[in-house]
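Some notes on the structure that comes next.
The values are calculated or read from the model by the stated rules, or taken from the named source; none is laboratory data. All figures in this text were calculated on a predicted structure; none of them were measured in a lab. When we count neighbours, we look across all protein chains shown, and the Cβ atoms used for this are built from the backbone with ideal geometry, even at glycine.
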Amino acid sequence: MKFAEFHAGQVIEAGPYLVTEAELLQFAKAYDPQWFHTDAEAAADGPFGGLIASGWHTGGIAMRLVTDAALAGSESFASPGLAYVKWPNPVRPGDALRLVADVIEVRRSEKRPTLGILRWRWRLFNQREQLALDLEATSLFKLDA
């Protein structure tokens, strides 16, 4: 989507994205090798009752869905960061995640009119409609004068 196609109040949906145990383990072993992400036997006796995905993996899945649904082919070039990020419920192998992105604000920078600023809230829900990720992101777009 192009920057001009975004508007406040818009809802963008994408997915589902199926999380496999192999992908969960591969990510965790490479980037977040804590036992509850990498050791199925130990995780079964842990506080979550089984393996769970790293929150950073969950964020990466959201990024993939947002890119496929809205940012691919756009003028987006960076993000200055997140206002918040929350992982209310763990993601487990076999979960099918669905993205809901709510556009909060769309504007041009007053100081740099070739800079578009998009604030939006991303939420991932599993197949049971449990919220797995909630964040507010700012995306930057390079625009013509």
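So which of ALA72, ALA8, ALA43 is touching a residue at least 40 places away in the same chain (Cβ under 8 Å) and either more than 13 Å from the chain's Cα centre (by Cα) or within 18 Å of ARG98 (Cα to Cα) (or both)?
Values: ALA72 fails: touching a residue at least 40 places away in the same chain (Cβ under 8 Å); ALA43 fails: touching a residue at least 40 places away in the same chain (Cβ under 8 Å).
Just one listed residue meets the conditions, ALA8.
Got a sec? Which of VAL100, VAL85, VAL91 is more than 14 Å from VAL19 (Cα to Cα) and out of contact with any Lys or Arg (no Cβ under 9 Å at 6 or more places or on another chain)? Break it down stepwise before answering.
Details: VAL100 fails: out of contact with any Lys or Arg (no Cβ under 9 Å at 6 or more places or on another chain); VAL91 fails: more than 14 Å from VAL19 (Cα to Cα).
Criteria check complete, one pass: VAL85.
Restricting to the stretch 34-66, give me the number of residues that are closer than 14 Å to PRO93 by Cα and touching a strand residue (DSSP E or B) at 6+ places or on another chain (Cβ under 6 Å).
Looking only at that region, the number is 2.
Based on this model, can you work out whether GLY15 counts as part of a helix (DSSP H, G or I) and at pLDDT 95 or above? Step through it out loud before you land on a result.
Numbers: part of a helix (DSSP H, G or I): no; at pLDDT 95 or above: yes.
For GLY15, the condition - part of a helix (DSSP H, G or I) and at pLDDT 95 or above - is not met.
Take the stretch 5-37 and flag every residue that is touching a Leu at 6+ places or on another chain (Cβ under 9 Å) and closer than 28 Å to SER74 by Cα.
Applying the first criterion (touching a Leu at 6+ places or on another chain (Cβ under 9 Å)) to the stretch 5-37 yields 6, 12-19, 21, 24-25, 28, 36-37.
If the condition is that a residue be touching a Leu at 6+ places or on another chain (Cβ under 9 Å) and closer than 28 Å to SER74 by Cα, then PHE6, ILE12, GLU13, ALA14, GLY15, PRO16, TYR17, LEU18, VAL19 are the ones that fit.
Among the candidates GLU110, GLU129, GLU105, which residue alone is charged (D, E, K, R), out of contact with any Cys (no Cβ under 7 Å at 6 or more places or on another chain) and assigned to a strand (DSSP E or B)?
GLU105
Looking at ALA145, ALA83, can you tell me which residue is touching a residue at least 24 places away in the same chain (Cβ under 8 Å) and either under 14 Å from the mean Cα position of the chain (by Cα) or within 13 Å of PHE3 (Cα to Cα) (or both)?
Values: ALA145 fails: either under 14 Å from the mean Cα position of the chain (by Cα) or within 13 Å of PHE3 (Cα to Cα) (or both).
Only one candidate qualifies: ALA83.
Which residue out of GLU41, GLU110, GLU75 is under 22 Å from ILE12 (Cα atoms) and not hydroxyl-bearing (Ser, Thr, Tyr)? Steps first, answer last, please.
Numbers: GLU41 fails: under 22 Å from ILE12 (Cα atoms); GLU110 fails: under 22 Å from ILE12 (Cα atoms).
From the options GLU41, GLU110, GLU75, the qualifying one is GLU75.
Among the numbered criteria (1) surrounded by 12 or more Cβ atoms within 10 Å (Cβ to Cβ); (2) not in a loop (DSSP other than H, G, I, E, B); (3) not acidic (Asp, Glu), which one does ALA78 miss?
Answer for ALA78: the failing condition is (1).
So in the stretch 34-75, with the set limited to residues that are of a type in the set (S, T, N, Q) and part of a loop (DSSP other than H, G, I, E, B), which one is surrounded by the fewest Cβ atoms within 10 Å (Cβ to Cβ)?
Step one: list which residues in the stretch 34-75 are of a type in the set (S, T, N, Q), which gives 34, 38, 54, 58, 67, 74.
Keeping just the survivors that are part of a loop (DSSP other than H, G, I, E, B) gives 34, 54, 74.
Details: GLN34: 11, SER54: 22, SER74: 19.
Of everything passing the filter in the stretch 34-75, GLN34 is surrounded by the fewest Cβ atoms within 10 Å (Cβ to Cβ).
Any residue in the stretch 109-135 that is closer than 17 Å to ASN89 by Cα and in contact (Cβ under 8 Å) with a residue 24 or more places away in the chain sitting within a Cβ distance under 7 Å of a residue that is surrounded by fewer than 16 Cβ atoms within 10 Å (Cβ to Cβ) and aromatic (Phe, Trp, Tyr)? List the pairs, counting only those 6 or more apart or interchain.
Pairs found: LEU135/TYR84.
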